[in-house]
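Down below is the structure, laid out as structure tokens.
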Amino acid sequence: MSNSRALSDAAIEDSKRSLQKDIPETTVWKDFLALIKIGIVNSNLITTFTGLWLALHFSGKGFFNNLDLVLYTVIGSSLIIAGSCSLNNYIDRDIDPLMERTKGRPTVTGKVNPGKVALLSFLLIGLGTAFLMFTTAAAVVIGLIGVFSYVVLYTMWTKRRFVSNTIVGSISGAVPPLIGWAAADGNLDPMAWVLFAIVFIWQPPHFYALAMRRVEEYRAAGVPMLPVVKGFKATKRHIYIWVAALLPLPFLMPSLGLPFLILATVLNIGWLLTGLYARRFNNDIKWATLMFVYSLQYLTIMFVAMVIITII
């Protein structure tokens, strides 16, 4: 065991030395955006806003009459997500050098001090929580549950130990629409839980497809993602099952009307058909890439459509 650990440490050090030789030129701002994973912050902001918008719409409170609430919710949720992502980078800085897509993070290249990253993370989470306190207690509690599930349950506990890590991580990823809804309506209408279910079920097929594309990197880092442990065939089967589980969810949102039901059903069936179509390539990586790209468009279209459908 000690020899294995020594070899692992040596591999990490070699990776760090190679990175130091060819660190791309970046600015402080770009490093900050990379540290907080701005892509994740932005995508979660879409689902948070949709939850808030729908809660205001169906409660009859009105959007423009509650711009202060919108501001507090958007800023607060963004900050706690950014802080959680930054803390994830701090915790994973020992394995990130082993993966191509993460080896350029400032926590890996040495451009930022780890202690300062940890301090910044807690500061962002604290500020985000403070902003959410101007909304409802429910939004604050749900936000902190999201932080705990992402940092502790996923990053610190399951990510490196269990193949179910993706499912556990999906809890935190599905929390943002609940935060948005709770900020306007702390009672959480059943529709809020449908939003949670959509994002929760969306994540496994999305991240399984990503893991297929990066399987060797996850294997090198010792992260037991499904493709690493079970192989591509089993991963594809799981992806189809999770996508199929999305099919009934639009029917639980009748208040959004028939046009949304049709659109959501088309998107769900389209995802399954995309997988069947991609089989013609006879290439697992191409299949995974197509499914991954579809998943990105799927979530954006689905949640933006929920907002548009309540306007027109």
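The values are calculated or read from the model by the stated rules, or taken from the named source; none is laboratory data. Values in this document were obtained by computation on a predicted structure and should not be read as measured data. Counting neighbours? That spans all protein chains shown, and the Cβs are built from the backbone with ideal geometry, glycine included. Just so you know, the surface numbers come from the protein's heavy atoms only, side chains and all, with ligands and any DNA or RNA stripped out. Shrake-Rupley method; radii C 1.70, N 1.55, O 1.52, S 1.80 Å.
Assorted remarks:
Results for (1) within 16 Å of the chain's Cα centre (by Cα); (2) within 24 Å of Leu188 (Cα to Cα), shown as yes or no for each residue.
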| site | (1), (2) |
| --- | --- |
| Cys85 | yes, no |
| Asp96 | no, no |
| Glu100 | no, no |
| Leu120 | no, no |
| Phe134 | no, yes |
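- For Ser121, the criteria (1) in contact (Cβ under 8 Å) with a residue 40 or more places away in the chain; (2) open to solvent by less than 20 Å² (accessible area, probe 1.4 Å) hold in every case but one, which is (1).
Residue-wise test of (1) more than 17 Å from the chain's Cα centre (by Cα); (2) modelled with pLDDT of 95 or more; (3) not β-branched (Val, Ile, Thr).
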{"site": "Pro176", "(1), (2), (3)": "no, yes, yes"}
{"site": "Phe196", "(1), (2), (3)": "no, yes, yes"}
{"site": "Leu210", "(1), (2), (3)": "no, yes, yes"}
{"site": "Pro227", "(1), (2), (3)": "yes, yes, yes"}
{"site": "Lys230", "(1), (2), (3)": "yes, yes, yes"}
{"site": "His238", "(1), (2), (3)": "yes, yes, yes"}
{"site": "Val243", "(1), (2), (3)": "no, yes, no"}
{"site": "Leu252", "(1), (2), (3)": "yes, yes, yes"}
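- Residues being assigned to a helix (DSSP H, G or I) and within 16 Å of His57 (Cβ to Cβ) - total across the range 154-197: 11
- Within the range 239-264, residues that are under 20 Å from Val304 (Cβ atoms) and in contact (Cβ under 8 Å) with a residue 40 or more places away in the chain reach partners that are open to solvent by 30 Å² or more (accessible area, probe 1.4 Å) and part of a helix (DSSP H, G or I) with beta carbons closer than 7 Å, at six or more positions or on different chains, in the pairs Ser255/Phe58; Leu256/Ile309; Gly257/Ile309; Pro259/Ile309; Phe260/Ile309.
- Any chance Leu276 is modelled with pLDDT of 95 or more and exposed (fewer than 13 other Cβ atoms within 10 Å of the Cβ): yes
- Test: residue in the range 145-153 that is outside any helix (DSSP H, G or I) and either crowded, with 18+ Cβ neighbours inside 10 Å or of a type in the set (A, V, I, L, M) (or both): no
- For Asn113: the one exception among (1) surrounded by fewer than 24 Cβ atoms within 10 Å (Cβ to Cβ); (2) over 21 Å from Gly39 (Cα atoms); (3) at pLDDT 95 or above: (3)
- Scanning the range 279-288 for residues that are farther than 30 Å from Leu252 by Cα and either in contact (Cβ under 8 Å) with a residue 12 or more places away in the chain or surrounded by 15 or more Cβ atoms within 10 Å (Cβ to Cβ) (or both) gives Asp284, Ile285, Trp287.
- Residue in the range 258-276 that is over 22 Å from Thr48 (Cα atoms) and within 21 Å of the chain's Cα centre (by Cα) present: yes
- Criterion: farther than 29 Å from Leu256 by Cβ, in contact with a Gly (Cβ under 7 Å, 6 or more places away or on another chain), not hydrophobic (A, V, I, L, M, F, W, C) and not in a loop (DSSP other than H, G, I, E, B) - qualifying residue of Ser86, Ser121: Ser121
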